[in-house]
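Student: If you scroll down you'll find the structure; I have some questions about it.
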Amino acid sequence: MKLSFAACIGLFFSFIYHSRTYAQAPPDYVLYRESVSKIHQVYLKEIGDNAQIYHGSEFIRNGQKANGFPFYESDGMIAGSVFYQGTFYSNQNIQYSLVSDELITNNYAHNALIVLAAEKVDSFIILNHVFVSLISSKSNRLENSGYYDQLYAGEPGVYAKRGKRLAVGTGSEETKYIQHDDYFIKIKNIFYTVDGKSSLLDLFKDQADVLKKYIRANKLNFKKELESSLVLTTIYYSQLKH
């Protein structure tokens, strides 16, 4: 039986995906993207509208006027990359809604917006941030499933759950979107909530004194720059452990 060119390329990507899945050492996401991007563009051109990423439920935006926007970092589409159903899509126009925790893209004809099925999204990259899909039932002490910003992928790891809510103004108050971020430290697939220096040092008790010196020497300010302080301290801790 003869296979079409698109089918052959599809089999190639299937092989690559399963090689990634079962390799003993975790592959580097960026290196993987670069190694297959050119041949992948040929594959997508061949299959056109049949690509799974162009099929989803229609996204209809809330038309209420408000200060700000519901999406991550920008009100418009951003070029990013998506790992969807085992296939890597680079240079894909995407939006990530922090209100509904949905990943949005254009349909193939670029005349409508669609929501990608969350259970089919492995991860995506937007503005150099890697968001991974985490399932609470498969992750100890993680209450909510969804997309998490992987700030540091080491051991321990640092993750952020980003969200926005629409605060409806009353009287002279304006209606606006308010962002909130929750942070987690992942240790051996157990997620611990951290909200400042004290909770972080409680997790890293075995090196608390050394970490306090590091924090003072580098003038880390957990109140004003919580995210970067959490990441830098965790990276230093992981270096101490290895």
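The values are calculated or read from the model by the stated rules, or taken from the named source; none is laboratory data. What you are looking at is a predicted structure, and each value in this text was computed from that prediction instead of being measured. Cβ atoms come from the backbone with ideal geometry, glycine included; neighbour counts cover every protein chain shown. Note: accessible area is taken over every heavy atom of the protein model, side chains too, but ligands, DNA and RNA are not part of it. Shrake-Rupley method; radii C 1.70, N 1.55, O 1.52, S 1.80 Å.
Student: Using the structure shown, decide if Phe124 is surrounded by 20 or more Cβ atoms within 10 Å (Cβ to Cβ), in contact (Cβ under 8 Å) with a residue 40 or more places away in the chain and closer than 18 Å to Ile47 by Cα.
Tutor: On the way: surrounded by 20 or more Cβ atoms within 10 Å (Cβ to Cβ): yes; in contact (Cβ under 8 Å) with a residue 40 or more places away in the chain: yes; closer than 18 Å to Ile47 by Cα: no.
Criteria not met by Phe124.
Student: If the requirement is being under 16 Å from the mean Cα position of the chain (by Cα), closer than 19 Å to Tyr177 by Cβ and assigned to a strand (DSSP E or B), which of these qualifies: Ile125, Ile104?
Tutor: Values: Ile125 fails: closer than 19 Å to Tyr177 by Cβ.
Exactly one of Ile125, Ile104 is under 16 Å from the mean Cα position of the chain (by Cα), closer than 19 Å to Tyr177 by Cβ and assigned to a strand (DSSP E or B), namely Ile104.
Student: I'm checking my understanding of the structure. Among residues of segment 142-151 that are free of Cβ contacts under 8 Å to residues at least 60 places away in the same chain and at negative phi, which one is surrounded by the most Cβ atoms within 10 Å (Cβ to Cβ)? Spell out how you get there, then give the answer.
Tutor: Going through segment 142-151, the residues free of Cβ contacts under 8 Å to residues at least 60 places away in the same chain turn out to be 142-150.
Checking which are at negative phi leaves us with 142-145, 147-150.
Numbers: Leu142: 22, Glu143: 10, Asn144: 12, Ser145: 16, Tyr147: 22, Tyr148: 24, Asp149: 19, Gln150: 19.
That would be Tyr148.
Student: Restricted to segment 130-145, and to residues that are under 13 Å from the mean Cα position of the chain (by Cα) and outside any loop (DSSP other than H, G, I, E, B), which residue is nearest to Ala118 (Cα to Cα)?
Tutor: Looking at the filtered set, the residue picked out is Ser133.
Student: Let me ask you something else. Assuming Lys223 fulfils every condition listed in (1) out of contact with any strand residue (DSSP E or B) (no Cβ under 6 Å at 6 or more places or on another chain); (2) under 13 Å from Tyr237 (Cβ atoms) apart from one, which condition is it?
Tutor: Checking Lys223 against (1) out of contact with any strand residue (DSSP E or B) (no Cβ under 6 Å at 6 or more places or on another chain); (2) under 13 Å from Tyr237 (Cβ atoms), the one that fails is (2).
Student: Return yes or no: is Asp202 open to solvent by 50 Å² or more (accessible area, probe 1.4 Å) and either of a type outside the set (Val, Ile, Thr) or on the phi > 0 side of the Ramachandran plot (or both)? First the steps, then the outcome.
Tutor: Details: open to solvent by 50 Å² or more (accessible area, probe 1.4 Å): yes; either of a type outside the set (Val, Ile, Thr) or on the phi > 0 side of the Ramachandran plot (or both): yes.
Yes; evaluated as a whole, the condition is true for this residue.
Here is a yes/no grid of residues against (1) assigned to a strand (DSSP E or B); (2) among the basic types (Lys, Arg):
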{"residue": "Tyr147", "(1), (2)": "yes, no"}
{"residue": "Tyr159", "(1), (2)": "yes, no"}
{"residue": "Ser172", "(1), (2)": "no, no"}
{"residue": "His180", "(1), (2)": "yes, no"}
{"residue": "Phe184", "(1), (2)": "yes, no"}
{"residue": "Tyr192", "(1), (2)": "yes, no"}
{"residue": "Lys213", "(1), (2)": "no, yes"}
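Student: Testing Leu201 on (1) free of Cβ contacts under 8 Å to residues at least 12 places away in the same chain; (2) of a type in the set (A, V, I, L, M); (3) within 25 Å of His129 (Cα to Cα), one condition comes back false. Which one is that?
Tutor: Here Leu201 meets the rest and fails (3).
Student: Moving to a separate point now. Going residue by residue through segment 161-171, is there one that turns out to be within 28 Å of Ser123 (Cα to Cα) and more than 18 Å from the chain's Cα centre (by Cα)?
Tutor: Our first condition is that a residue be within 28 Å of Ser123 (Cα to Cα); within segment 161-171, this holds for 161-166.
Cutting the leftovers down to more than 18 Å from the chain's Cα centre (by Cα) gives us 165-166.
The answer is yes, given that some residue of segment 161-171 is within 28 Å of Ser123 (Cα to Cα) and more than 18 Å from the chain's Cα centre (by Cα).
Student: Just need a number here: residues in segment 152-177 that are in contact (Cβ under 8 Å) with a residue 24 or more places away in the chain, touching a Lys or Arg at 6+ places or on another chain (Cβ under 7 Å) and of a type outside the set (Ser, Thr, Tyr).
Tutor: 2
Student: Restricting segment 208-231 to residues that are under 19 Å from Gly157 (Cα atoms) and polar (S, T, N, Q), which is surrounded by the fewest Cβ atoms within 10 Å (Cβ to Cβ)?
Tutor: Of everything passing the filter in segment 208-231, Ser228 is surrounded by the fewest Cβ atoms within 10 Å (Cβ to Cβ).
Student: Tell me, which residue of segment 72-117 that is among the aromatic types (Phe, Trp, Tyr) and touching a Phe, Trp or Tyr at 6+ places or on another chain (Cβ under 6 Å) is surrounded by the most Cβ atoms within 10 Å (Cβ to Cβ)? Steps first, please.
Tutor: To start, the set of residues in segment 72-117 that are among the aromatic types (Phe, Trp, Tyr) comprises 72, 83-84, 88-89, 96, 108.
Checking which are touching a Phe, Trp or Tyr at 6+ places or on another chain (Cβ under 6 Å) leaves us with 72, 96, 108.
Working: Tyr72: 22, Tyr96: 24, Tyr108: 15.
Only one residue tops the list, namely Tyr96.
Student: Out of segment 215-242, which residues are basic (Lys, Arg), more than 19 Å from Lys188 (Cβ to Cβ) and assigned to a helix (DSSP H, G or I)? Even if it seems obvious, please write down each step before you answer.
Tutor: At the first step, the residues of segment 215-242 found to be basic (Lys, Arg) are 216, 219, 223-224, 241.
Next cut, more than 19 Å from Lys188 (Cβ to Cβ) only: 216, 219, 223-224.
Result: Arg216, single match.
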